[in-house]
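Read the structure below first, then the notes.
The values are calculated or read from the model by the stated rules, or taken from the named source; none is laboratory data. As the structure is a computational prediction, the values presented were derived from the model and not from experiment. Heads up, the Cβs are rebuilt from the backbone with ideal geometry, glycines too, and the neighbour counts pull from every protein chain shown.
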Amino acid sequence: MIELKGVTKTYGKGGNTFTALDNINLTIPDAAVVAVVGKSGSGKSTLMHIMSGLDRPSEGSVTVSGRNLHDLKKKELDQFRAREISFIFQSFFVQGGDSCYDNVSLPLEIAGVPRSKRQQRVEKALESVELTDKTRQKAKNLSGGQKQRLAIARAIAGQPRILFADEPTGNLDSATGAVVEKLLFDYARANKATLVVVTHDQDLAAKCDIQIHVKDGRITEVKQ
Amino acid sequence: MKRLDIIRRAGRNLKQAKVRTLLTALAISVGAFTLTLSLAIGAGTREYFAKFLETNVNPQSLFVVADKKLVGFEGGNTGPKEYDPGAANISGSSYKTLGQSDLDKIAANKNISSVQPNYNLEATYFTYQGNSKKFTGQVGMYDKTIRGEAAAGSLPKLGTMIGADDIVVPESYLKALGIKNAKDAIGKTITVHVVQQAQTKTTEELQALYAQGGLDALTAATQGKSQDVSFKISAVAAKPATALSDNVQLNISDTRAQELADFTTQGTSQHKRYIAAIAMVKDGVKPETVKAELEKTGLTVKTARDLQGILFTVVNVVQGIVAGFGILALLASIFGIINTQYISVLERTGQIGLMKALGMSNRAIGRLFRYEAAWIGFLGAILGALGGIGLGTLLNPWISRKMSLGAGSHLLIFQPLPICLLILALVLVAIVAGWFPSRKAARLDPIEALRTE
């Protein structure tokens, strides 16, 4: 469960402040598939950063899986993200010079998974995104859709409880976008994981269980 | 994240920028190359000098001087000194000399078997039998404590003086003297011409001389005398295989050397005063013990082992200069690493952001970049060391031949341990250089970093 209470995020100091998030109160139950919908600049990305512990709120508290992120030290927060959370980004962020295998292996290495167990998990993740034949190929030789599938494999290899996807289909055509969407939904449903999709795509948002609409740093509507 | 995984990732990251990595490593390899050679020069020359002293210098001999400026490096011209009539002047510097009382003091030590002063010889010129030309050259006393090799004729065994009227000619003199074959010189005569300076006489002495022998006596007494001494060439000294430099003086016996020195210095302040003396310590007695005893009397004494120390100081200076160049090159390459790694951090901002989002700690990120720098340092050090060893091994026979070091002697000796330590040190230097960029990477704001692309 992700629980936000009175979360406010402001940037800048003195008279020149900008409020990115304004008194957000929100509860996302476990295993929910949620869309955070809003235009660019609405604060939806900031909301995702704060929910994942990448950013800290100026005011309010964030509780994820029963832990108040404010109470965690930097090191504990890193470990928490490494074990329980993962990300998909609009621009993939796959490491082009590395092989697909090494890309998927990265989060497992960060989480300290022993070498002996890594291989099986990497292969399983690549299999689930149908990239087994590309295991030893360099990521830069993949197409856009393949790159995003690789990013999904990287995200799910560590079996995270919560998956954040920031505009996962933003750089893809509708056909490949649909494949990526299906992979994300399948993972969340099969593993009872929470999926938070940040998007301005209404069609994608409509496929989620809960839609949270954000505008100017406030939640305007929550549709179940 | 485990250290081994970070090291492996660092290595892979470098492989993705092969040319840049190689160029940065090459900058370090220049320093590594020079430092490898400086290590090899140090090791080689030290071993060479040790071997040289072992075979050439009697370990029981002591080199005694009155002035410690003559040995070691603290001496030299340090400004004007008060005039001392007994002191010797060498290129503007004044040195205390040994007198007969000093020699007696040394000889009085029960552990000394003999004392031999170094005679101060100045020949005006010398002639060679059958050649009308007059030559100038250094005349010195034959050193029986140093092993010599004869190109022709024969030299006495170590510790024995040549015959009183014998002279040993260095091989390098033959050409100038017009001798084609060293064997032809044996038995020929060399005549040394020495001059005694005019004596300073008091007015009374001059008047007495005039009264006795008239103007002729006066002229003879104030004009200075000269003397011709003839020697028979007993041997031509070859340049030994293991020698510091060619022996470039005419070597005469101790008796004649003393006579000539006494004659030329007659009436001067240098009469019967000596710059240095060689004392022989009795067998079975440690030279160091006798040295300590003699130094209590105010003399400066050097043992054969001390001589080795002085030579090693020279080696250290040479080695230091070469190493200095290496360190300069290394210093330049440090900036190369810093620059390369800074660019790398900027290029990989997105990657750093992703790794941080995935829970990689700042410390692990910093470590990743430092290990990349370490890999560059390692690569450069290996390339430089291998280059140095390769070139040195290739050139060693040629250097040995050019410097006449003799078979089996090499100027450059590559020892595995110092080279391994050098490589390790360079890796550490690279890590230090990589510290600045790695700190930048570690401090990067992940949200800011993820916004790029």
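Once segment A:106-127 is narrowed to residues that are crowded, with 18+ Cβ neighbours inside 10 Å and of a type in the set (G, A, S), the residue that is farthest from the other protein chains (Cβ to nearest Cβ) is A:A125.
Does A:F87 count as more than 8 Å from chain B (Cβ to nearest Cβ) and aromatic (F, W, Y)? No, not satisfied. The set of residues in segment A:1-45 that are of a type in the set (V, I, T) and touching a helix residue (DSSP H, G or I) at 6+ places or on another chain (Cβ under 9 Å) comprises A:I2, A:V7, A:I24, A:I28, A:V33, A:V36, A:V37. Residues A:K13, A:K9: which one is part of a loop (DSSP other than H, G, I, E, B) and more than 19 Å from B:G359 (Cα to Cα)? Unique residue meeting the criteria: A:K13. Taking the stated definitions as given, is B:A442 crowded, with 23+ Cβ neighbours inside 10 Å and among the small types (G, A, S)? So B:A442 fails the test.
Being surrounded by fewer than 23 Cβ atoms within 10 Å (Cβ to Cβ) and within 14 Å of chain A (Cβ to nearest Cβ) is a description that does not apply to B:L391.
Considering only residues that are β-branched (V, I, T) and either more than 17 Å from B:A123 (Cβ to Cβ) or crowded, with 19+ Cβ neighbours inside 10 Å (or both), which ones fall in segment B:250-294? Correct list: B:I252, B:T264, B:T265, B:I275, B:I278, B:V281, B:V285, B:T289, B:V290. Residues in segment B:8-63 that are within 14 Å of chain A (Cβ to nearest Cβ) and of a type outside the set (G, A, S): B:R8, B:R9, B:R12, B:N13, B:L14, B:K15, B:Q16, B:K18, B:V19, B:R20, B:T21.
Kindly state which strands (runs of 3 or more DSSP E) lie completely within segment A:131-224 and contain at least 3 residues that are under 27 Å from A:A20 (Cβ atoms) and among the β-branched types (V, I, T).
A:194-199, A:210-215, A:218-223
Reported count of residues in segment B:123-158, each being under 30 Å from B:K282 (Cβ atoms), in contact (Cβ under 8 Å) with a residue 60 or more places away in the chain and either loosely packed, with under 14 Cβ neighbours inside 10 Å or of a type in the set (A, V, I, L, M) (or both), is 6.
Exactly one residue among B:I179, B:I186, B:I146 is closer than 30 Å to B:P59 by Cβ and either under 33 Å from the mean Cα position of the chain (by Cα) or in the same structural domain as B:F263 (by TED's automatic domain parsing) (or both), and that residue is B:I146. Filtering segment B:6-26 to residues that are of a type in the set (G, A, S) and surrounded by fewer than 22 Cβ atoms within 10 Å (Cβ to Cβ) leaves B:A10, B:G11, B:A17. Do we find that B:A329 is in contact (Cβ under 8 Å) with a residue 40 or more places away in the chain and either surrounded by 23 or more Cβ atoms within 10 Å (Cβ to Cβ) or closer than 13 Å to B:T24 by Cα (or both) in this structure? Taking the combined requirement at face value, the residue satisfies it. Of all the residues in segment B:333-357, those that are of a type in the set (S, T, Y) and more than 14 Å from every other protein chain (Cβ to nearest Cβ) number 3.
Going through B:G324, B:G384 one at a time, which residue ends up being more than 30 Å from B:Y95 (Cβ to Cβ) and modelled with pLDDT of 95 or more?
B:G384
On the stretch given as segment A:63-107, residues that are of a type outside the set (F, W, Y), farther than 13 Å from B:A357 by Cα and in a helix (DSSP H, G or I) total 9. Sub-9 Å Cβ pairs linking a first residue in segment A:89-105 that is without any contact (Cβ under 8 Å) to a residue 12 or more places away in the chain to a second residue that is not in a helix (DSSP H, G or I), at least 6 apart or interchain, are A:D102/A:Q95, ordered by first then second residue.
Of the residues that make up segment B:433-451, is at least one within 14 Å of chain A (Cβ to nearest Cβ), in contact with a His (Cβ under 8 Å, 6 or more places away or on another chain) and in contact (Cβ under 8 Å) with a residue 24 or more places away in the chain? Explain how you work it out, then say what you get.
Narrowing segment B:433-451 to residues within 14 Å of chain A (Cβ to nearest Cβ): B:442-451.
Next, from what is left, pick out any that are in contact with a His (Cβ under 8 Å, 6 or more places away or on another chain): B:447.
Of the ones still in play, those that are also in contact (Cβ under 8 Å) with a residue 24 or more places away in the chain are B:447.
Yes, that holds for at least one residue.
Could you list, in sequence order, the residues of segment A:42-79 that are within 13 Å of chain B (Cβ to nearest Cβ) and either surrounded by fewer than 16 Cβ atoms within 10 Å (Cβ to Cβ) or over 21 Å from B:E448 (Cβ atoms) (or both)? Scanning segment A:42-79 gives A:R56, A:L72, A:K73, A:K74, A:K75, A:E76, A:Q79.
Looking across segment A:90-104, the residues that are polar (S, T, N, Q) and at the interface with another protein chain (Cβ under 7 Å from one of its Cβ atoms) come down to A:S91, A:Q95. State yes or no: is B:G359 at positive phi and either crowded, with 17+ Cβ neighbours inside 10 Å or under 23 Å from the mean Cα position of the chain (by Cα) (or both)? Judged against the criteria, B:G359 is a match. When A:V33 is tested against (1) modelled with pLDDT under 95; (2) touching a Phe, Trp or Tyr at 6+ places or on another chain (Cβ under 8 Å), only condition (1) is not met. If you go through segment A:1-41 and pick out every residue that is under 18 Å from the mean Cα position of the chain (by Cα) and polar (S, T, N, Q), you end up with 2. A single member of B:L53, B:L35, B:L26 is at pLDDT below 80 and part of a helix (DSSP H, G or I), and it is B:L53. For segment B:413-421, the criterion of a residue being more than 14 Å from chain A (Cβ to nearest Cβ), part of a loop (DSSP other than H, G, I, E, B), aromatic (F, W, Y) and over 30 Å from A:A151 (Cβ atoms) is satisfied by at least one position.
Across segment A:1-21, which residue is modelled with the highest pLDDT among those that are touching a strand residue (DSSP E or B) at 6+ places or on another chain (Cβ under 8 Å) and surrounded by fewer than 15 Cβ atoms within 10 Å (Cβ to Cβ)? Going through the qualifying residues, I end up with A:G6. Checked across segment A:57-72, the condition of being touching a Lys or Arg at 6+ places or on another chain (Cβ under 7 Å) and among the charged types (D, E, K, R) holds for no residue.
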